[in-house]
Amino acid sequence: MIRIQFLGEGSRDEAAAPPLVENLLGLEIITTFTAWSSPSIQRFHQKGLSKLGRKLMFALARASADGLQGVVAIIDDDQHDGERLDALKAGREAHRRNNAPMPAALGCAIPHFEAWLIDDPAAVREMLKLPGNHPVPPPVGMSSPKEALHALYNKSPRASDILERDVLPEIARRLHLNRCNQRIQTGLQRFADDLRSEFKDLLDQNS
C-alpha cells in the first residue's frame, strides 16, 4: 500500500482516478485529492515555467514534506495540443533539478477524463448493467465523451445510483487497457506507461 497525492480537474477525477490508478498498477493506494483550481495549491516562483508547472512543483514539495510516496497529476486537454502535458513535464523536471526525485506520473486526457473510461465499452456496459450489444460510442471523434457517458448512465438500470460515487469508480476498476482501442489518441496509454515507469521502484518493493 502506498500513499499518493492526486491532482485533477474536479469531483469526477477525484472519484474515478484513484481506482483507475490502483487498477493500472495492481496495487492498493491511499489517496489525498486536490483540484487544480483549489487555492491550497500555490505556485512556486520559477522563471520560465507556466502556472501549471509551478503548481506541480508546489504539490511535489508538499507531498515530500508530508511523507507521501508519489504524486499523480491528471489534466484535461480540450485543445488537443499537448501544451498542458508539456507544462507538467517541465514542472516535474524543474523540481528534480534541486530535489530528490519523487514518483510523479503525469496524464493528459484528450479531451477529458471520461474519454478514458468510455473507451472500454465492455466495462461501461457491465457496470451500467446494459445489454451486451448496447452501443457505446468510441471517444475519439465525438463532441463530448463526458456527455456521451452521462447519456448512457441516464438510460441504464443504474440511473438511480450516484454517478460519481457509485458508477464511475466501478468502471475505472473494471477497465482493461487492452480493450481501450483508442487509448493512444486519448492519452491513456501514455499515462499508463508513465505511471508504471514512475512507480517502478515502489512496485518492485511491493511485489
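The values are calculated or read from the model by the stated rules, or taken from the named source; none is laboratory data. Everything numeric here is computed off the predicted structure, so don't read it as measured data. All Cβ positions, even for glycine, are placed from backbone atoms using ideal geometry, and neighbour counts span all protein chains on display. In case anyone asks, the SASA skips ligands and DNA or RNA and just uses the protein heavy atoms, side chains included. Shrake-Rupley method; radii C 1.70, N 1.55, O 1.52, S 1.80 Å.
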Practice task
Based on alpha-carbon positions alone, could you give the equivalent ellipsoid semi-axes of segment 115-171 from the gyration tensor, as √(5λ), descending, whole Å?
Solution key: 16, 12, 10
Exercise for the section: Rank-order 57-64, 104-111 by packing density, defined as the average count of other C-beta atoms within 10 Å over each peptide's residues, highest first. Expected result: 104-111, 57-64
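Do the alpha carbons of any pairs in K51/K89; K55/K200; K129/K155; K146/K200 sit beyond 20 Å of each other, and which pairs? Intermediate values should be presented prior to the final figure.
Working: K51/K89 12 Å; K55/K200 24 Å; K129/K155 10 Å; K146/K200 31 Å.
Exceeds cut-off: K55/K200; K146/K200.
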Handout entry: Value in Å of the Kirkwood radius, where segment 118-207 supplies the Cα pairs that are averaged
Key = 14.3 Å
Handout entry: Cβ-based charge dipole, segment 81-207, positive-most Cα from I171, W116, P138
Key = I171
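Could you provide, to the nearest whole Å², the per residue accessible area of the chain with probe 1.4 Å? Could the numbers behind the result be given before it?
On the way: 9890 Å² over 207 residues.
Dividing the accessible area of the chain by its residue count gives 48 Å².
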Handout entry: Derived scalar couplings ³J(HN,Hα) [segment 14-23; Karplus, 6.51 cos²θ - 1.76 cosθ + 1.60; whole Hz; x for Gly, Pro]
Key = 4, 6, 10, 5, x, x, 5, 5, 4, 4
Fill in the blank from the handout: With all protein chains present, segment 1-108 has a carbon and sulfur share of its accessible area (1.4 Å probe) in percent of 45 percent
Practice task
Tell me what the chain gives for mean residue ellipticity at 222 nm when only DSSP H runs of n ≥ 4 count, each as -39,500 (n - 2.57), the sum divided by the residue total, rounded to 500 deg cm²/dmol.
Solution key: -13500 deg cm²/dmol
Completion exercise
In whole Å, largest first, the alpha carbons of the chain cover along the principal axes 54, 38, 28
Exercise for the section: Work out Dmax and Rg for segment 1-56 from the C-alpha atoms and quote the Rg first, both in angstrom. Expected result: 13.1, 38
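When averaged across all projection directions, what area in nm² does the alpha-carbon convex hull of segment 34-130 cover? Please list the in-between numbers first.
Numbers: hull surface 30.9 nm².
Result: a mean projected hull area of 7.7 nm².
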Handout entry: Equivalent ellipsoid semi-axes - Cα gyration tensor, segment 31-72, angstrom
Key = 18, 12, 8
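Taking the Cα centre of segment 51-207 as origin, work out the dipole magnitude from +1 charges on Lys and Arg Cβ and -1 charges on Asp and Glu Cβ, in debye rounded to 20.
Values: 22 positive and 22 negative charges, 36 e Å.
I would put it at about 180 debye.
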